[in-house]
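Enquirer: Quick one: this structure, given as structure tokens, is what I'll be asking you about.
The values are calculated or read from the model by the stated rules, or taken from the named source; none is laboratory data. As the structure is a computational prediction, the values presented were derived from the model and not from experiment. Note that we place each Cβ from the backbone using ideal geometry, even for glycine, and neighbour counts take in every protein chain shown. In case anyone asks, the SASA skips ligands and DNA or RNA and just uses the protein heavy atoms, side chains included. Shrake-Rupley method; radii C 1.70, N 1.55, O 1.52, S 1.80 Å.
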Amino acid sequence: MNTKTVVAKVALEVLVAVDLAREVRGGYCSDLLSDVLAHAKSGDLWITHQRHLNVIAVGKLRDVAGVVFARGLCPSQDVISRAVAERMNLFLSTEPAFEVAGRLHRALHP
Amino acid sequence: MRWWRADLHIHSILSPCASLDMSPRRIVAEARRAGLDLIAVCDHNAAENGRYVRRLAAGTPVVLMGMGIQTAEEVEILAYFADEEDSLLLETELQNSLPDVPCTPELFGDQVVVNEEGEIARRVERLLLSPVDLTLSEVVRRVGELGGLAIPAHVDRVPGGLLAMLGLFPEGDWPWVVEIAPWTSLSDVYEAWPGLRGRPILRGSDAHYPEEIGRAWTDLYLAAPTLDELRAAFRGRDGRAIQPGPELKERQ
């Protein structure tokens, strides 16, 4: 499913949209960046509460389709600027991570 | 100059996760038993018991003021100060920024300030294990402004280790120095994080129980066991050196 469709189905707010045609293949939930580095897969939509700047580097290294900040935890401007520079889709949801992941799972596995 | 043995990561009874036996008096006794020349008490977002440990130790061992700060990212930073007032000022700032979550002793343990007489000076109501409302870069900057040294604790360990939590080193020259856990071997840490090569590495006991004090240490080649000398050793000035002790064989 492409990112644009996922954004609509999961009701995500778009913070940075660089490639909404990108295929979302799955999801990954973690706030522990070493865990994401080890286990997230290319094409995952990554749901997190972690807002450190390293999120962008880790997301790029794992080639995730985008990052969703859950529970309305909007990242700072330097994170957003870095996402633009590194071409990383960023999204925000006011919903808790559990709800975001549930919606994503339903969308990908109807 | 000579070698001094240091354990710069000891929790006291003020950390809810530490034993009730970790009173200032007991910490001093155990540090002497372990032959330590220099120690620091690093409670979670708290420094107060350090001053009682320092008074009781009366120079044997030398006591740096310390703190283990939980940043907003939940990274644990060890902060060291020469001066009591600087560390206590930071403690107040940090504790005022903690979420209003009470420490339920049955669940988390007690958070008690104990003076040199062994009396309870006060209990801290808010849970000290919570992260403060400052990001990692804000914590590092504030510690520096107050004349302290900020070092990431047990970088490879969950919870709280910088590299475990954030995956990679942050941008910039900080941290120049890192602490590793008692069980981490230098070869493993270099293999997992090649960026650590060439950086000074401290090993601390992260003691939560009296018998753990001095179970892991760092030897420091300094003119005197002071914060300024430690700072000079971090840059390898004039032959000063830092040598972490061996790792513990079994994770406890």
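Enquirer: Which parts of segment A:53-69, residue by residue, lose 50 Å² or more of accessible area when the rest of the protein chains are there, as against the chain isolated (1.4 Å probe)?
Expert: Relative to the lone chain, where solvent access is computed with a 1.4 Å probe, segment A:53-69 loses at least 50 Å² at A:54.
Enquirer: While we're on this one: Could you give the semi-axes, largest first, of the ellipsoid that matches the protein assembly as shown, computed as the square roots of 5 times the alpha carbon gyration tensor eigenvalues and rounded to whole Å?
Expert: For the protein assembly as shown, the ellipsoid semi-axes come out as 41, 22, 17 Å.
Enquirer: Next up: Are there any residues in segment B:160-179 with a reduction of at least 40 Å² in accessible surface when going from the isolated chain to the assembly of protein chains? Probe 1.4 Å, please list them by number.
Expert: Those are B:165, B:166, B:168, B:171, which lose 40 Å² or more relative to the chain on its own.
Enquirer: Taking residue A:9 as the anchor, which lysines have their alpha carbon closer than 23 Å to its alpha carbon, excluding any fewer than eight residues away along the same chain?
Expert: The qualifying lysines are A:41.
Enquirer: Among the DSSP beta bridges whose two residues both lie in chain A, what percent are antiparallel, rounded to the nearest 5?
Expert: Bridges in chain A are about 25 percent antiparallel.
Enquirer: What translational D, rounded to a whole number of µm²/s, comes out for segment A:3-108 from Stokes-Einstein when the hydrodynamic radius is the Kirkwood one over Cα pairs, at 37 °C and 0.692 mPa s?
Expert: Result for D is 251 µm²/s.
Enquirer: Based on Cα positions only, what radius of gyration and what Dmax would you give for segment B:1-99, in angstroms?
Expert: When restricted to the Cα atoms of segment B:1-99, Rg and Dmax are 13.2, 45 Å.
Enquirer: Among the DSSP beta bridges whose two residues both lie in chain B, what percent are antiparallel, rounded to the nearest 5?
Expert: Antiparallel bridges make up about 65 percent of those DSSP assigns within chain B.
Enquirer: Something else about it: Just to confirm, what accessible area per residue do you get for segment B:1-95 at 1.4 Å probe, in whole Å²?
Expert: Details: 2920 Å² over 95 residues.
It amounts to 31 Å² per residue over segment B:1-95.
Enquirer: Once you have a ≥ b ≥ c as the square roots of the Cα gyration tensor eigenvalues for segment B:72-136, tell me rounded if a/c is under 1.5, and otherwise prolate or oblate according to whether a/b is larger than b/c.
Expert: Values: a/c = 2.05, a/b = 1.09, b/c = 1.88.
Because a/c hits 1.5 or more and a/b fails to exceed b/c, segment B:72-136 counts as oblate.
Enquirer: To continue, here is another question. First obtain the Kirkwood hydrodynamic radius of segment B:66-190 from its Cα pairs, then insert it into the Stokes-Einstein equation at 20 °C and 1.002 mPa s, and state the resulting D in µm² per second as a whole number. Don't jump to the answer; show the numbers that get you there.
Expert: Details: Rh = 15.6 Å.
Reported coefficient: 137 µm²/s.
Enquirer: Heavy-atom accessible area per residue, segment B:138-252, 1.4 Å probe: how many Å²?
Expert: I get 43 Å² per residue for this part.
Enquirer: Follow-up question, since we're still on this one. For segment A:19-52, list whatever residues lose no less than 20 Å² of accessible surface once every protein chain is in place, relative to that chain by itself, with the probe at 1.4 Å.
Expert: Correct list: A:32, A:33, A:34, A:37, A:50, A:52.
Enquirer: Something else: In whole Hz and in residue order, list the ³J(HN,Hα) couplings for segment B:200-212 that follow from phi through the Karplus curve 6.51 cos²θ - 1.76 cosθ + 1.60, θ = phi - 60°; x for Gly and Pro.
Expert: Values, residue by residue: x, 10, 9, 10, x, 7, 6, 5, 10, 10, x, 5, 7 Hz.
Enquirer: Quick check: the angle from helix A:97-108's long axis to the longest principal axis of chain A, C-alpha only, nearest 10 degrees?
Expert: The angle comes out at about 50 degrees.
Enquirer: Can you find, among B:96, B:136, A:85, the residue sitting farthest towards the positive end of the charge dipole of the protein assembly as shown, where Lys and Arg contribute +1 and Asp and Glu -1 at Cβ?
Expert: Looking along the dipole axis, the top candidate is A:85.
Enquirer: Now for a separate question. Could you give me the radius of gyration and the Dmax of chain B, taking only the C-alpha atoms into account and expressing both in angstrom?
Expert: That works out to 16.6, 51 Å for Rg and Dmax.
Enquirer: Note the buried accessible area between A and B here, summed over both chains, with a 1.4 Å probe, in Å² to the nearest 100.
Expert: Details: alone 5630 and 10720 Å², together 15420 Å².
Heavy-atom accessible area buried at this interface is about 900 Å².
Enquirer: On to the next question. What accessible area per residue comes out for segment A:3-108, rounded to a whole number of Å², with a 1.4 Å probe?
Expert: That works out to 45 Å² for each residue.
Enquirer: I'd like the carbon and sulfur percentage of the solvent accessible area for the protein assembly as shown, probe radius 1.4 Å, heavy atoms only, ligands and nucleic acids excluded.
Expert: Values: 7770 of 15420 Å².
Using a 1.4 Å probe with all protein chains present, the protein assembly as shown comes out at 50 percent carbon and sulfur.
Enquirer: Still on this structure, I have one more. Show me, for segment B:57-67, the HN-Hα J-couplings you get by feeding each phi into the Karplus relation (A = 6.51, B = -1.76, C = 1.60, θ = phi - 60°), rounded to Hz, glycine and proline as x.
Expert: For segment B:57-67, the Karplus-derived couplings read 5, 6, x, 10, x, 6, 10, 7, 6, x, 6 Hz, x marking Gly and Pro.
Enquirer: State to the nearest 20 debye the size of the charge dipole of the protein assembly as shown about its Cα centre, where the only charges are +1 on K and R beta carbons and -1 on D and E beta carbons.
Expert: Around 980 debye, computed over the protein assembly as shown.
Enquirer: Here is a follow-up. How large is ³J(HN,Hα), in whole Hz, for each residue of segment B:93-108 in order, when computed from phi with the Karplus curve 6.51 cos²θ - 1.76 cosθ + 1.60 and θ = phi - 60°, using x for Gly and Pro?
Expert: Result, rounded to whole Hz: 4, 5, 5, 5, 9, 6, x, 7, 10, x, 7, 8, x, 5, 8, 10.
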